[in-house]
Amino acid sequence: MPDSIIDTQTLRSLVRPDGVHRRLYTDPAIFEIEMERIFGRCWLFLAHESQVRDPGDFFRTRLAREDVIVTRGRDGAVRALVNRCTHRGAQICSAERGNTAGFACPYHAWTFGLDGTLNSVPHRQSLPPDFDIKDPRFALVRVPRVESYRGFVFGSLAAAGESLSDFLGPMRSVLDNLVDRAPEGEIEQAGGIARQEYRGNWKFHHENANDTLHPSFVHESSVATARADKRDFDAPAYDEHQTHTQMMSNGFSVREWQSLALTGYTSGHTYMGGFYKSGVLAPGRADPISQEYRSRLVAQHGEEKTNAILGEDRFNNLFYPNISVNAQYQQIRIVQPLAVDRTRVVVMCFRLKGAPDGIFHRAVRFLTNLNSPASMILADDVEIFERCQSGLSNPAPEWLDHSRGLATDRDRGGGRFESTGISELPHRLQYGAWLRYMADAA
Amino acid sequence: MSDLKAEAEAFLIAEARLLDAGRFDEWLALFAEDGFYWVPAMPGQSDPFNHISIFYEDKSVLAMRVRRLGHPRAYAALPMTRTAHMIGSITAEPGAAPGIDLACRSTVMMADFRAGAGEGRADRRLWAGQQSHRLRRTPEGLKIVLKRVDLIDCDAAHGVLSVPI
């Protein structure tokens, strides 16, 4: 690894048990090291297998800072190739997804297979006699490691390191739960992909997603609006009153947020309990769609296992550094850092195979309500991320505080920590992980 | 200009002025009780239930949106977005479905800007696309049964859009 302009000792000095230094959000040099040591090393979500279901299918995404094409080869293997011709550097694929026999560069027609191999170049006679088309340096650059867990395909830019299974750790169960919710035991990505950009550091997203104190303040306007709404909940509604439910649900009292469990690991992964307690998204709903869905699960798994699957009431499950999974509502969010002060959030939902259509419609609506640029909920979070970025351009004070709940975190052993809501335990675990990636293995 | 087109143009201009003036209550009142506001998230989107949208709201949800914009702590609307609409290429024809008296299509461009949003955040943006209005004649004037805006970049990454287009 190249020498960094910021030494390990300095990096260590930027994180304390009760806070972090503002440079973590503002310093482009820190961002460069994060891309190298965190995003260059962790397992990052690439695609769901349903997005590259058939041989020849491809799907474009971003892995750390690279434009990559995820492909399904004729041999059935899923690979991830960097979208850059090895001849003159042109982007070879401009479609977001599709099915193809291979990739031909538009510039001089170097043509690559689905596994990245260079298959043909024009005007061979003009190349030197020792030009070897099978030389690996002419193949599209492959993401060194690609592994799949329950249909979720991850890639790592590091050629060696911990396995995907070890990286996911006990939080694997979240992906299990999402897939197990499908009566046919299979899910597929559908309903489109929402993309939102904000002018703030990538770390704000995960700090906020398990912060159970902010909704009372940040989301006050949507909660108050929903509370004042005089709708007739028995009247049929195009959205089953789900938009109202999603606005209203952040209206927990401080005591209710306090009772919510927060759990996390030294890996930096954390999760929070569910808080949709009424309305169409509440667990255990008895409306006809929910009942039909439950009966299909019971037919497949029996009562006991169905209760276990549907009883898993969690909201945001955060994988460090950049994935948020909500199994209950079939959502996955990917946080893509673009620059020290610019981030894209990519969100998609899944269809549970064998579930009634109405369950998928709820997932689509969930995604629209929460992640559309016009969201009446996330808009206020994003506003706060941008205000933090803007505020942190001021040099003083140097430190941001995350001491809330510090005295009440409980170490359960084996790297597991617990707390009740209203604690900044997730922040502390995230920055513990940050420090290990940034400073320990340097 | 045909009477129908003149009527459509007058309606569309009046609607755009209400939005630009931030008179969202009056804008909301332009919708029929069964009216919908739809901004798809996919070019040519035909289905608001199996695919996400940017907005897909009936009048009751739109009413919440308008009320929220007036809340003193709706942070994404503080400062409130200023907008300027330009409506052009208007065509109008008689409605072809029951309850629709007038169907018009137009091109919309909306520039937006948030004054005082702070360093690096005060850029002006431009939203553009085709819009279609299905209108019903009522004793209170024309009412919107469906307003649909197809943005040219509906499937791209966006920042927050807290006001309707």
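The values are calculated or read from the model by the stated rules, or taken from the named source; none is laboratory data. All values derive from a computational prediction rather than experimental measurement. No Cβ is skipped: glycine too gets one built from the backbone with ideal geometry, and neighbour counts run over all protein chains shown. Just so you know, the surface numbers come from the protein's heavy atoms only, side chains and all, with ligands and any DNA or RNA stripped out. Shrake-Rupley method; radii C 1.70, N 1.55, O 1.52, S 1.80 Å.
Sub-7 Å Cβ pairs linking a first residue in region A:23-39 that is of a type in the set (Ser, Thr, Tyr) to a second residue that is open to solvent by 10 Å² or more (accessible area, probe 1.4 Å), at least 6 apart or interchain, are A:Tyr25/A:Gln389; A:Tyr25/A:Leu392; A:Thr26/A:Val340; A:Thr26/A:Leu392; A:Thr26/A:Ser393, ordered by first then second residue. The residues in region B:129-142 that are part of a strand (DSSP E or B) and open to solvent by 20 Å² or more (accessible area, probe 1.4 Å) can be counted, and the count is 8. Residues that are without any contact (Cβ under 8 Å) to a residue 12 or more places away in the chain and more than 20 Å from A:Glu256 (Cβ to Cβ) do occur in region A:400-407. Being among the small types (Gly, Ala, Ser), in contact (Cβ under 8 Å) with a residue 40 or more places away in the chain, over 28 Å from A:Met35 (Cβ atoms) and in contact with an Asp or Glu (Cβ under 8 Å, 6 or more places away or on another chain) narrows it down to one residue among A:Ser372, A:Ser419; which is it? Being among the small types (Gly, Ala, Ser), in contact (Cβ under 8 Å) with a residue 40 or more places away in the chain, over 28 Å from A:Met35 (Cβ atoms) and in contact with an Asp or Glu (Cβ under 8 Å, 6 or more places away or on another chain) holds for just one of A:Ser372, A:Ser419, which is A:Ser419. Over 27 Å from A:Met171 (Cβ atoms) and in contact (Cβ under 8 Å) with a residue 60 or more places away in the chain: does that describe A:Glu240? Criteria met by A:Glu240.
State yes or no: is A:Val364 aliphatic (A, V, I, L, M) and within 16 Å of the chain's Cα centre (by Cα)? For A:Val364, the condition - aliphatic (A, V, I, L, M) and within 16 Å of the chain's Cα centre (by Cα) - is not met. Filter region A:108-134 for residues that are open to solvent by less than 20 Å² (accessible area, probe 1.4 Å) and on the phi > 0 side of the Ramachandran plot and give the result. If the condition is that a residue be open to solvent by less than 20 Å² (accessible area, probe 1.4 Å) and on the phi > 0 side of the Ramachandran plot, then A:Gly116 is the only one that fits. The listed residues are A:Ala226, A:Ala182, and the only one of them that is open to solvent by less than 10 Å² (accessible area, probe 1.4 Å), away from every other protein chain (no Cβ under 14 Å) and at pLDDT 95 or above turns out to be A:Ala182. Residues considered: A:Gln9, A:Gln51. Of these, the only one that is at negative phi and surrounded by fewer than 16 Cβ atoms within 10 Å (Cβ to Cβ) is A:Gln9.
Within region B:40-70, track down each residue that is at the interface with chain A (Cβ under 7 Å from one of its Cβ atoms) and touching a residue at least 12 places away in the same chain (Cβ under 8 Å). Within region B:40-70, B:Ala41, B:Met42, B:Ser53, B:Ile54, B:Phe55, B:Tyr56, B:Asp58, B:Arg65 qualify. Among the residues of region A:95-109, those that are hydrophobic (A, V, I, L, M, F, W, C) and over 10 Å from A:Cys85 (Cα atoms) comprise A:Ala95, A:Ala101. The residue that is farthest from A:Arg142 (Cα to Cα), among those in region A:114-131 that are assigned to a loop (DSSP other than H, G, I, E, B) and in contact with a Gly (Cβ under 6 Å, 6 or more places away or on another chain), is A:Leu114. With respect to being of a type in the set (Lys, Arg) and surrounded by 19 or more Cβ atoms within 10 Å (Cβ to Cβ), B:Arg114 fits the description. Applying the condition of being closer than 18 Å to A:Ala224 by Cα and under 22 Å from the mean Cα position of the chain (by Cα) to region A:250-277 and asking which residue is nearest to the other protein chains (Cβ to nearest Cβ) yields A:Asn250. Assessment of region A:298-316 against the conditions (of a type in the set (S, T, N, Q), closer than 22 Å to A:Tyr437 by Cα and under 16 Å from the mean Cα position of the chain (by Cα)) yields no matching residue. Among the residues of region B:22-37, the one identified as within 11 Å of chain A (Cβ to nearest Cβ) and either without any contact (Cβ under 8 Å) to a residue 40 or more places away in the chain or surrounded by fewer than 21 Cβ atoms within 10 Å (Cβ to Cβ) (or both) is B:Asp34. Against the test of being within 12 Å of chain A (Cβ to nearest Cβ), of a type outside the set (Gly, Ala, Ser) and in contact with a Ser or Thr (Cβ under 8 Å, 6 or more places away or on another chain), the options B:Arg148, B:Arg121, B:Arg125 yield a single qualifying residue, B:Arg121. Taken as a whole, the condition of being modelled with pLDDT of 95 or more, farther than 20 Å from A:Arg365 by Cα and of a type in the set (D, E, K, R) does not apply to A:Arg351. Looking across region A:325-361 at every residue that is among the basic types (Lys, Arg) and facing chain B (nearest Cβ under 10 Å), the one that is surrounded by the most Cβ atoms within 10 Å (Cβ to Cβ) is identified as A:Arg351. Give the residue that is least open to solvent (accessible area, probe 1.4 Å), with candidates limited to residues of region A:185-223 that are within 22 Å of A:Ile359 (Cα to Cα) and more than 11 Å from every other protein chain (Cβ to nearest Cβ). In this case the residue turns out to be A:Ile187.
Quick one: what pairs do we get from region A:210-230, first residue farther than 16 Å from A:Gln246 by Cβ, second among the small types (Gly, Ala, Ser) and crowded, with 23+ Cβ neighbours inside 10 Å, C-beta under 9 Å, 6+ apart or different chains? If the second residue must be among the small types (Gly, Ala, Ser) and crowded, with 23+ Cβ neighbours inside 10 Å, the pairs left are A:Asn210/A:Gly264; A:Thr212/A:Gly421; A:Thr212/A:Ser423; A:Leu213/A:Gly421; A:Leu213/A:Ser423. Taken as a whole, the condition of being at pLDDT below 95, over 28 Å from A:Arg365 (Cβ atoms) and loosely packed, with under 14 Cβ neighbours inside 10 Å does not apply to B:Gly88. Taken together, A:Arg145, A:Arg97 contain a single residue that is out of contact with any Leu (no Cβ under 6 Å at 6 or more places or on another chain), within 14 Å of another protein chain (Cβ to nearest Cβ) and either buried (at least 17 other Cβ atoms within 10 Å of the Cβ) or of a type in the set (D, E, K, R) (or both), which is A:Arg97. Yes or no: region A:313-324 includes at least one residue that is under 30 Å from A:Glu66 (Cβ atoms), in contact (Cβ under 8 Å) with a residue 60 or more places away in the chain, in contact with an Asp or Glu (Cβ under 9 Å, 6 or more places away or on another chain) and surrounded by 23 or more Cβ atoms within 10 Å (Cβ to Cβ). Yes, because at least one residue in region A:313-324 is under 30 Å from A:Glu66 (Cβ atoms), in contact (Cβ under 8 Å) with a residue 60 or more places away in the chain, in contact with an Asp or Glu (Cβ under 9 Å, 6 or more places away or on another chain) and surrounded by 23 or more Cβ atoms within 10 Å (Cβ to Cβ).
Taken over region B:54-74, the criterion of being touching a Ser or Thr at 6+ places or on another chain (Cβ under 6 Å) and farther than 14 Å from A:Tyr238 by Cα is satisfied by B:Ile54, B:Met64, B:Arg67, B:Arg68, B:His71, B:Arg73, B:Ala74. Take the conditions (1) under 21 Å from the mean Cα position of the chain (by Cα); (2) open to solvent by less than 10 Å² (accessible area, probe 1.4 Å); (3) away from chain B (no Cβ under 11 Å); (4) not β-branched (Val, Ile, Thr); A:His427 misses just one of them, which is (2).
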